[in-house]
Amino acid sequence: MNKHKILRTCTLLLGAFVCGISTSQATAEEAATFMEEVIVSARYREETAQNSPTSITALGKMTLKEITAQDLRDVGPISPNVRVQVNTFAPNSSTIHMRGMGQLTIESTNELRNGVSIDGVYISRPVATLIDFYDVDTVEVLRGPQGTTFGKNSLSGGIAINTTRPDGTLDYGAEVNAGNYGRMDFRGAVQFPIIEDTLSARISVLAQNYDGHFKNRVTGDDFNGEDVDTVRGSILWTPTDDFDLTLIGTWLKERSDAPGGDDDSDPGQLINLFFGGAPFFWAGEPDDGPFTVGRDALDFYNTDQKGATLIMNWDLGDYTLTSITGWMETDDLAAADFDQTELPFFPTFRDQVHDQFSQELRLQSDFSGKDGMLKDLEVVLGLFYFEQEHEITQSFPTLGNPSSADYSHQEGDSNAIFGQIIYAINDDLNLTLGVRYTDEQKDYERNPGTLWGTRINSKDPGTRPPLREMAALPKTLFGDLNSSRTTTKFGLDYHINDNTMAFVTFAEGFKAGEFGARASSAQTVGPTADETSESWEIGVKSDLMNGRLRVNATAFHTSYDQLAFEVFFPSPNNPTGQETASQNIGEATTIGLELEVTAVPIDGLTLHGALGLLDAEYDEFCADLNGPSATDNPSSSCGLIVPLPDGTFLIDEDHTDLELSRAPERQIYLSAQYEW
């Protein structure tokens, strides 16, 4: 869709909508409550999503139940211009795209373009972010850069998940799901008072089991199975009216198979060249059905995770002091048959340990009892500290002499100071200003490969070299990152009448630079530069027809700079003369419209629709994505031509015609529900 056309469409639709509703004067007192009102904290203040001048889809318990949301994937369809999918390598990891921007990664060296937070704690890596929604209270899908009030910075959006807290009452519930292919899930929760009006607790459990609907043609075993156990416990302590403390502990154990899939390589690719002759005479996977796959090596994903969150609030009269402390430790062991065939081509083991700790302090004003300008002013000041450490060794049973393994280790911390003011200029017009200064530091070291002879067996994880053994070996690649950046936010919201609000927002975001997880030389270790974004939004939120019709619309324009992608480039120290690594070579612009409509035409009948229109294009993308080329007269339309020792060339080409991944032009969601 043409950018100018979609921009004109967005402007005309919003303009016509505002003009039409400005004549409606139905008051809040007259409006009945027909729809779920979700309390959000996207601006560090508790308010309904309908009163928040932000691009947010807020889902409460009732809505999550109505759309049968099982995990994070299920918020994608109902949220305009949002796609959430399972990672193709790690079954418990999510891949999130918002407004055409995101990435598919499992590497802990990679920052997330769309962040995830749980109970106010930012999760720094995608593993175990495919959160099950049982005993979840609210989900806030925040579209657009989150550069000031979302924990760590996010380039293009974020998802904030809030679990159910104890409230001092006795309550319990459970559900059991059973189905074919061995499906048997149990979810349960119980809460109870310990000391009346002072101390209460809540415990929730999840046991998820599934044999899988794929069959491995090599072994005859079921494949794509799930085995997940989770426990979450929380305690609420309110010793006085001025102080409350919530402690949340989590434990997760997963022993699942990797997602199913079959090889479909082109005839000229390596696997066909290596195995096309004797003794394999490989001619591709047999056509034995879409749910039969070939695996000669192990293919599983094991995760052990534990974490704790401590939330404290002090009411100091004119101010509230909030402290959020988070800690998480994750251990992964994955076995993968990367070639997805029954051939001994590319099996691997991945051992990874990741730890993170964060501390956020916020001081928030409450001047409602003051006189003059102060009563119209809300101020938030905060400090944020985040540190993480991870190490990984990846073993390759068939690469080396004949096997090998590599090792990487990274430590990093992020420090930020932030502030936000919301000022009521008059009874109808409000101003929001936000700023955040962030300092990022990372240290990286890597051993790109150690030969292990015949030690590593693809069918025996016990033969792989453990992390502690690899960590003791010399490292040859090193990198450090020191980055500081200031991001801002500006917004105006105007209440046309009691039930209609229009708003305009400018926001900045960034994603810190990162190191090459698979680097084999100093040229590829990095770090990359920070990716940055700037976004403008104009929107309208309205409740019409005495509360029976809700219409929200937002138009946006976002520009991205220094986008990093995996590309080929010259490397004199590599025998082939070239390597693959991330480089900042991309710029992109996304323009679109988001429309959400909910109607209750008669009692008991609820209609909901969501529409996302998106025009996402690269403005700059000059690189070699295809690798060495053999040609007599090489030419480049946009960049470099580099001769390699074997007589081939790396040729930069213009790839601005490529489509951004997972960026559909239209996304439509429709639902109807009738209760009697």
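The values are calculated or read from the model by the stated rules, or taken from the named source; none is laboratory data. Computed from a predicted structure; not experimentally measured. Glycine also receives a Cβ, built like all others from the backbone with ideal geometry; neighbour counts cover every protein chain displayed. Only protein heavy atoms, including side chains, enter the accessible area calculation; ligands, DNA and RNA are left aside. Shrake-Rupley method; radii C 1.70, N 1.55, O 1.52, S 1.80 Å.
Only residues that are within 21 Å of Asn546 (Cβ to Cβ) and in contact with a Gly (Cβ under 9 Å, 6 or more places away or on another chain) were counted across the range 591-613, and they come to 5.
At least 3 residues being more than 30 Å from Asp262 (Cα to Cα) and of a type in the set (Val, Ile, Thr) is the threshold, and among the strands (runs of 3 or more DSSP E) wholly inside the range 171-245 those reaching it are 184-195, 226-240.
Residues that are exposed (fewer than 14 other Cβ atoms within 10 Å of the Cβ), among the hydrophobic types (A, V, I, L, M, F, W, C) and within 30 Å of Gly100 (Cβ to Cβ) within the range 640-676 comprise Leu658, Ile668, Leu670, Ala672, listed in sequence order. Name the residues in the range 191-201 that are loosely packed, with under 15 Cβ neighbours inside 10 Å and not aromatic (Phe, Trp, Tyr), would you? Residues satisfying the conditions are Ile194, Ile195, Glu196, Asp197, Thr198.
Of the residues examined, Thr348 is not one that is over 25 Å from Leu273 (Cβ atoms), in a strand (DSSP E or B), in contact with a Phe, Trp or Tyr (Cβ under 6 Å, 6 or more places away or on another chain) and of a type in the set (S, T, N, Q).
Each row is one residue, and each column tells you yes or no for (1) in contact with a Phe, Trp or Tyr (Cβ under 7 Å, 6 or more places away or on another chain); (2) over 30 Å from Leu383 (Cβ atoms); (3) open to solvent by 10 Å² or more (accessible area, probe 1.4 Å).
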{"position": "Arg83", "(1), (2), (3)": "no, yes, yes"}
{"position": "Ser108", "(1), (2), (3)": "no, no, no"}
{"position": "Gly120", "(1), (2), (3)": "no, no, yes"}
{"position": "Val139", "(1), (2), (3)": "no, no, no"}
{"position": "Thr148", "(1), (2), (3)": "yes, no, no"}
{"position": "Thr164", "(1), (2), (3)": "no, no, yes"}
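Does the range 620-639 contain any residue that is under 26 Å from His97 (Cα atoms) and open to solvent by 60 Å² or more (accessible area, probe 1.4 Å)? Looking for residues that are under 26 Å from His97 (Cα atoms) and open to solvent by 60 Å² or more (accessible area, probe 1.4 Å), one finds at least one in the range 620-639, hence yes. Residue-level analysis places Thr598 among those that are open to solvent by 10 Å² or more (accessible area, probe 1.4 Å), modelled with pLDDT of 95 or more and of a type in the set (Ser, Thr, Tyr).
Can you find a residue in the range 202-214 that is on the phi > 0 side of the Ramachandran plot and open to solvent by 40 Å² or more (accessible area, probe 1.4 Å)? The answer is no; no qualifying residue exists. For the range 465-558, the strands (runs of 3 or more DSSP E) that sit wholly inside it and include 3 or more residues that are over 30 Å from Leu611 (Cα atoms), open to solvent by 50 Å² or more (accessible area, probe 1.4 Å) and of a type in the set (S, T, N, Q) are 477-497.
Okay, residues lined up against (1) more than 18 Å from Ile668 (Cα to Cα); (2) surrounded by 22 or more Cβ atoms within 10 Å (Cβ to Cβ); (3) modelled with pLDDT of 90 or more; (4) basic (Lys, Arg):
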position	(1), (2), (3), (4)
Leu72	yes, yes, yes, no
Ser79	no, yes, yes, no
Ile96	no, yes, yes, no
Thr105	yes, no, no, no
Ser117	yes, yes, yes, no
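Filtered by the rule that a residue be open to solvent by 40 Å² or more (accessible area, probe 1.4 Å), touching a Ser or Thr at 6+ places or on another chain (Cβ under 8 Å) and of a type outside the set (Lys, Arg), the range 442-464 gives Glu445, Pro448, Gly449, Leu451, Trp452, Thr454, Asn457.
Annotation: of all residues in the range 559-579 being over 29 Å from Gly509 (Cα atoms), among the polar types (S, T, N, Q) and at pLDDT 65 or above, the one that is most open to solvent (accessible area, probe 1.4 Å) is Gln578.
Listed by first and then second residue, the pairs with beta-carbon distance under 7 Å, at least 6 apart or on different chains, first residue in the range 169-184 and open to solvent by 70 Å² or more (accessible area, probe 1.4 Å), second not in a strand (DSSP E or B) and not aliphatic (A, V, I, L, M), are Tyr181/Asp211; Tyr181/Gly212; Tyr181/His213. Out of curiosity, is Ile96 closer than 25 Å to Ala616 by Cα, more than 15 Å from the chain's Cα centre (by Cα) and not polar (S, T, N, Q)? So Ile96 does not fit the description; no. Asp197 fulfils the conditions (1) within 14 Å of Phe300 (Cβ to Cβ); (2) among the acidic types (Asp, Glu); (3) touching a residue at least 40 places away in the same chain (Cβ under 8 Å) except for a single criterion, (1). The set of residues from the range 258-290 being within 20 Å of Lys215 (Cα to Cα) and either assigned to a helix (DSSP H, G or I) or open to solvent by less than 40 Å² (accessible area, probe 1.4 Å) (or both) comprises Ala258, Pro259, Gly260, Gly261, Asp263, Gly284, Glu285, Gly289.
I need a count of the residues in the range 49-71 that are more than 16 Å from Val84 (Cα to Cα) and in contact with a Phe, Trp or Tyr (Cβ under 6 Å, 6 or more places away or on another chain). Count: 1. Regarding the range 251-267, can at least one residue be identified that is aromatic (Phe, Trp, Tyr), under 20 Å from Val231 (Cβ atoms) and touching a residue at least 12 places away in the same chain (Cβ under 8 Å)? Yes, the conditions are met somewhere in the range 251-267. Sub-6 Å Cβ pairs linking a first residue in the range 465-486 that is without any contact (Cβ under 8 Å) to a residue 24 or more places away in the chain to a second residue that is of a type outside the set (D, E, K, R) and surrounded by 14 or more Cβ atoms within 10 Å (Cβ to Cβ), at least 6 apart or interchain, number zero. Check Asp427, Asp439 and return the single one that is assigned to a loop (DSSP other than H, G, I, E, B) and open to solvent by 10 Å² or more (accessible area, probe 1.4 Å). That would be Asp427, the only listed residue that is assigned to a loop (DSSP other than H, G, I, E, B) and open to solvent by 10 Å² or more (accessible area, probe 1.4 Å). Residues in the range 356-396 that are within 32 Å of the chain's Cα centre (by Cα) and open to solvent by less than 60 Å² (accessible area, probe 1.4 Å): 21 in all. The residue list Asp543, Asp632, Asp603 contains one member that is free of Cβ contacts under 8 Å to residues at least 12 places away in the same chain, closer than 22 Å to Ser671 by Cα and not aromatic (Phe, Trp, Tyr), which is Asp603. Scan the range 268-297 for residues that are under 35 Å from the mean Cα position of the chain (by Cα) and of a type outside the set (Gly, Ala, Ser) and report the count. Within the range 268-297, residues that are under 35 Å from the mean Cα position of the chain (by Cα) and of a type outside the set (Gly, Ala, Ser) number 10.
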